[in-house]
Amino acid sequence: MLSGATCPGLFYSTPAEDGILSRIRIPGGILNSLQCRAIADIADHHGGGYVDVTNRANIQVREIHTKINAQVLKHLQDIGLGSTNTAVDHIRNIMTSPTAGIDPQELIDTRPFVQAWDNYIAAHPVLSGLSAKFSVCFDGGGIVSVRDRLNDITFAAVLVDGSVYFRLYLSVGTKGALSDVGILLPPEQCLQVLAALANVYLAHIDTTSKRKQRLRELLNTLGCENYLQEVQQSLRFPLFCIQECQNQITPAKYQHIGIHPQRQQGLFYIGVVLPLGRLESAQMWGLADLAEKYGNGTFRLTPWQNLLLTDIPQQWVVDVQSKLALLGLDSSVTNIKSALVACSGNKGCAASATDTKRHALALAEYLETRLTLDRPVNIHFSGCEKSCAQHTKSDITLLGVNVEVDNGTVEGYHVYVGDGDNNQKFGRELYQYVTFEELPALFEQMLKTYEIQRRNSDESFGEFANRYAIAQLKQLFPSQNSNSQIQCPTTSEMPMKSTVIPLPLSGQKRT
Ligand code: SF4
């Protein structure tokens, strides 16, 4: 196994504080039971006995301390894990809706596009020059949408005069906002256009540079129109341009958790909550058995760090749910961890001001004892501005900071809610310098107020917050000291067990 590359992959692992980190690309997030067992085996024999599902539906094996030999890597390639061309293994996972092909409302099944692009990358070594962050997404227009996820290039299915097309979105601007560039593509042109988009990008960047320019950085200097003109010149057919653009992309609403009918009559999928994306290897073995016994032998990882068990006949759904419970897995939409997101935090990343993962789990476990949500609330903990775990806005974002208190500093957060303008990356700032100790009572109050005051059960927390000025929200959630005991698991115990960590009282600096 090589090491030291800028982004971790199966053949390009990277050192982390807790050992080597190996990331396995799972194109489209679809994993079969054989692959699942092979990864669980690696986690058991080489890593920490668990894996993390990432926000691109990859799998990360962490705490690797013993070398994975060439024979094992070859076996992984043979069963379809890792690219046959290891030079392209570093490129970002190809994203699509986890319900592709089973979504009752989708316009087109995007799985063949994911497979075709993955094959194309493997067959064209020149694409190894792409930035590791070069990212592509196919959205089929179904209920479980991924078109709001931040990708360099997004193809989003739309219906025009009874025919299905893909609208092309590019990530532009310093913050990488998705922009509808006014091009409609018949599905059969998609791959050629994608290849042209990649090739024109490659022609403009220094592919030998250690830090390759990203596509959006190139667009910021070259200009989107010039870039697309060059793409057009390299194609043998005209791009179909439209005047009207649809820049409004609504955020995903975590509708995949729980039990849902598939487009195939009599079959259901179950969206399973993985607290902060973590799966123990024993759970992976159990899931592989369940997928084989009750489904079609596969399951799907989601960009929201959960998973779906699919193709379950109606008569087995309740059985599968109880077997999931025996594995310690939950599929309830009311589970507050279903939409909880945190980056590595200061246990895995030197840039982090706070222990985000421990804090996130501790907060969720506290809230579970105080209230029951009837729809997911997306809470995002980020250790710094980089926002690795979630690039889109969430209902509530917590940005880690050090908070000065009477006798030193403690870990705390800036709190943001809902949407903001383009300069407000995390939404609108509600409070500054809330200590971790103060979070439980504040969140309990915020979520209870939301449940009482929202317009209807379909209104998300973010939409609710957007209806009020910040001053009004502060009146709804008045500042208060917290004396609540918050349970916080140690890193090695996450996410199953809990211990209490002592936290200093007083010294609040909330504004
Ligand atoms: S968001 Fe910041 S602190 Fe968190 S993992 Fe990324 S770089 Fe590290």
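The values are calculated or read from the model by the stated rules, or taken from the named source; none is laboratory data. Everything quoted here is computed from the prediction, not taken from an experiment. FYI the Cβ positions are ideal-geometry reconstructions off the backbone, even for glycines, and counts take in every protein chain you see. The area values use the complete protein model at the heavy-atom level, side chains included, leaving out ligands, DNA and RNA. Shrake-Rupley method; radii C 1.70, N 1.55, O 1.52, S 1.80 Å.
If you check Ser163, Ser281, Ser209 for being small (Gly, Ala, Ser) and at pLDDT 95 or above, only one passes: Ser281. Scanning the range 113-135 for residues that are within 14 Å of Leu191 (Cβ to Cβ) and in contact with a helix residue (DSSP H, G or I) (Cβ under 9 Å, 6 or more places away or on another chain) returns Phe113, Val114, Gln115, Ala116, Trp117, Asp118, Tyr120, Ile121, Ala122, His124, Leu127. Evaluation of Cys343 against the conditions (1) within 8 Å of the ligand (Cβ to nearest atom); (2) farther than 20 Å from Ser394 by Cα; (3) crowded, with 19+ Cβ neighbours inside 10 Å shows that the sole unmet condition is (2).
Okay, residues lined up against (1) open to solvent by 20 Å² or more (accessible area, probe 1.4 Å); (2) away from the ligand (no atom under 13 Å from the Cβ); (3) in contact (Cβ under 8 Å) with a residue 40 or more places away in the chain; (4) in contact with a Gly (Cβ under 6 Å, 6 or more places away or on another chain):
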position: Thr334; (1), (2), (3), (4): yes, yes, yes, no
position: Gly348; (1), (2), (3), (4): yes, no, yes, no
position: Ala353; (1), (2), (3), (4): yes, no, yes, yes
position: Lys357; (1), (2), (3), (4): yes, no, yes, yes
position: Leu361; (1), (2), (3), (4): no, yes, yes, no
position: Leu367; (1), (2), (3), (4): no, yes, yes, no
position: Phe381; (1), (2), (3), (4): no, no, yes, no
position: Ser387; (1), (2), (3), (4): no, no, yes, no
position: Val403; (1), (2), (3), (4): no, yes, yes, yes
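If the condition is being in contact with a helix residue (DSSP H, G or I) (Cβ under 7 Å, 6 or more places away or on another chain), open to solvent by 10 Å² or more (accessible area, probe 1.4 Å) and closer than 18 Å to Ile108 by Cα, then the range 136-176 contributes only Val164.
For the range 53-105, taking the residues that are of a type in the set (D, E, K, R) and crowded, with 17+ Cβ neighbours inside 10 Å, the one that is nearest to the chain's Cα centre (by Cα) is identified as Arg56. Filtering the range 110-151 to residues that are assigned to a helix (DSSP H, G or I) and without any contact (Cβ under 8 Å) to a residue 60 or more places away in the chain leaves Pro112, Asn119, Ile121, Ala122, Ala123, Pro125, Ser128. Among the residues of the range 389-401, write down those that are of a type outside the set (S, T, N, Q), open to solvent by less than 30 Å² (accessible area, probe 1.4 Å) and more than 10 Å from the ligand (Cβ to nearest atom). Result: Asp395, Ile396, Leu398, Val401. Annotation: Ile259 fulfils all but one of (1) buried (at least 21 other Cβ atoms within 10 Å of the Cβ); (2) modelled with pLDDT of 95 or more; (3) within 21 Å of the chain's Cα centre (by Cα); the unmet one is (1).
Among the listed residues Gln255, Gln232, Gln192, Gln264, which satisfies the condition of being in a helix (DSSP H, G or I) and under 28 Å from Gln105 (Cα atoms)?
Gln192
Among the residues of the range 61-74, those identified as at pLDDT 85 or above and farther than 17 Å from Leu34 by Cα are Arg62, Glu63, Ile64.
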